[in-house]
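Here's the structure we're looking at; comments come further down.
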Amino acid sequence: MDKEQVIQRITEVGIVAVVRADNADQAKRITEACIMGGVAAIEMTFTVPMAHKVIEEVALAYSPNDIILGAGTVLDPETARIAILSGAQYIVSPYFNVETVRLCNRYRVPCMPGAMTIKEVVEAMEAGADIIKIFPGEAFGPKIIKAIKGPIPYARLMPTGGVDVNNVKEWIDAGAVAVGAGGALTAGAKTGDYESITRIGKQFVENIKLARGVK
C-alpha cells in the first residue's frame with residue numbers, strides 16, 4: 001500500500017490502537033478484538049516480547065484491507081528497519097529522532113514521531129514526519145492541539161496518552177487528525193475481557209464520527 005494511502009486510512013479511521021502485551025498471544029488477541037470493534041489501525045509496540053515476529057504473524061494473518069499495521073515504541077532507525085521488513089506499514093516513536101524519520105522517508109513509510117513543544121513539532125515536520133504524535137497527551141489535554149495549530153494550522157497532530165471514549169470528541173474538535181489509545185481501549189486484556197476491547201473500540205469509532213459530523 002502506498003504511503004499516502006496508509007496516512008489517509010489512518011486519518012479516516014481516526015484512532016490507532018496502541019498494543020502493549022505480556023506475550024505474543026495476548027497481543028494477537030488484542031489486535032483481533034480491536035479489528036472487530038472497527039479499530040483497524042494497530043500500533044504493535046516494541047515493548048511486546050519479540051515484537052517483530054508478532055508483526056510478521058499479524059501481517060500474514062490479515063488482509064491489508066482489514067488492518068493498517070504499524071510498529072510503535074520505535075526508538076531508533078535500526079528498529080524501524082526491522083519493523084518495516086517484518087511488515088509494519090508505518091512507524092510510531094515516543095520522541096523525535098531525525099535518523100528514524102530519514103529512514104522511513106527513504107523507504108516511503110509513514111513516520112509519526114513524538115513531540116510536545118512547538119519547537120519539536122516544527123523540527124519533526126522539517127525532517128519529513130507525516131503525522132506528529134503529541135505525547136504524552138495527558139500532560140496538557142486537548143488545549144495543546146489548539147495551541148500548536150494556532151501558529152501551525154497545517155500540522156497533522158495525533159495525541160496519545162490521556163485519550164478515552166469520553167474526551168475523544170474534545171481532541172477531534174481541537175483539531176487532531178486521529179488519536180492514539182492504549183490502556184483506555186485495551187485494559188480488558190489484563191483480565192481476559194477481550195469483548196470489552198471490541199465494545200470500547202466501537203464507542204471510540206462512533207464518538208469520532210459524531211465529532212466529525214459523520215453519520
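Using the 4.7 Å Cβ rule, please list in number order the cysteines from the chain without any candidate partner.
Singleton cysteines: Cys34.
Using bins 10 angstrom wide from zero, how does P(r) for segment 108-215 break down, in % of all Cα pairs?
15, 43, 31, 10, 1
Going Cα to Cα from Lys53, which lysines come in below 17 Å? Please leave out same-chain ones fewer than 8 positions away.
Filter leaves Lys28.
Can you tell me the relative contact order of the chain? Whole percent, Cα pairs under 8 Å, sequence separation 6 or more.
Relative contact order, the chain: 21 percent.
If you average the sequence gap of Cα pairs under 8 Å that are 6 or more apart and divide by the length of segment 122-200, what percent do you get for the contact order?
26
Show which lysines lie in cross-link reach of Lys209 when reach means a straight Cα distance below 22 angstrom and same-chain residues fewer than eight apart are skipped.
Hits, sequence-local ones excluded: Lys133, Lys143, Lys146, Lys149, Lys169.
Can you give the helix-only mean residue ellipticity at 222 nm for the chain, where every DSSP H stretch with n ≥ 4 adds -39500 (n - 2.57) and the sum goes over all residues, rounded to the nearest 500 deg cm²/dmol?
Result for the chain, helices only: -14000 deg cm²/dmol.
Calculate, in whole percent, how much of the Cα-Cα pair population of the chain lies beyond 26 Å.
That tail contains 27 percent of the Cα-Cα pairs.
What does the convex hull of the alpha-carbon atoms of segment 23-151 project to on average, in nm²? Please report the intermediate quantities before stating the final value.
Values: hull surface 32.6 nm².
Computing the convex hull of the Cα atoms and averaging its projections yields 8.2 nm².
May I ask you to list the trypsin sites (Lys or Arg not before Pro) in segment 73-136 that are in a DSSP loop and have at most 13 other Cβ atoms within 10 Å of their Cβ?
Values: sites: Arg81, Arg102, Arg106, Arg108, Lys119, Lys133; in loops: Arg108.
Those satisfying the criteria are Arg108.
Values quoted throughout were computed directly from the atomic coordinates according to the rules given, and no laboratory measurement underlies them. Note that this is a predicted model, so its numbers are computed, not measured. FYI the Cβ positions are ideal-geometry reconstructions off the backbone, even for glycines, and counts take in every protein chain you see.
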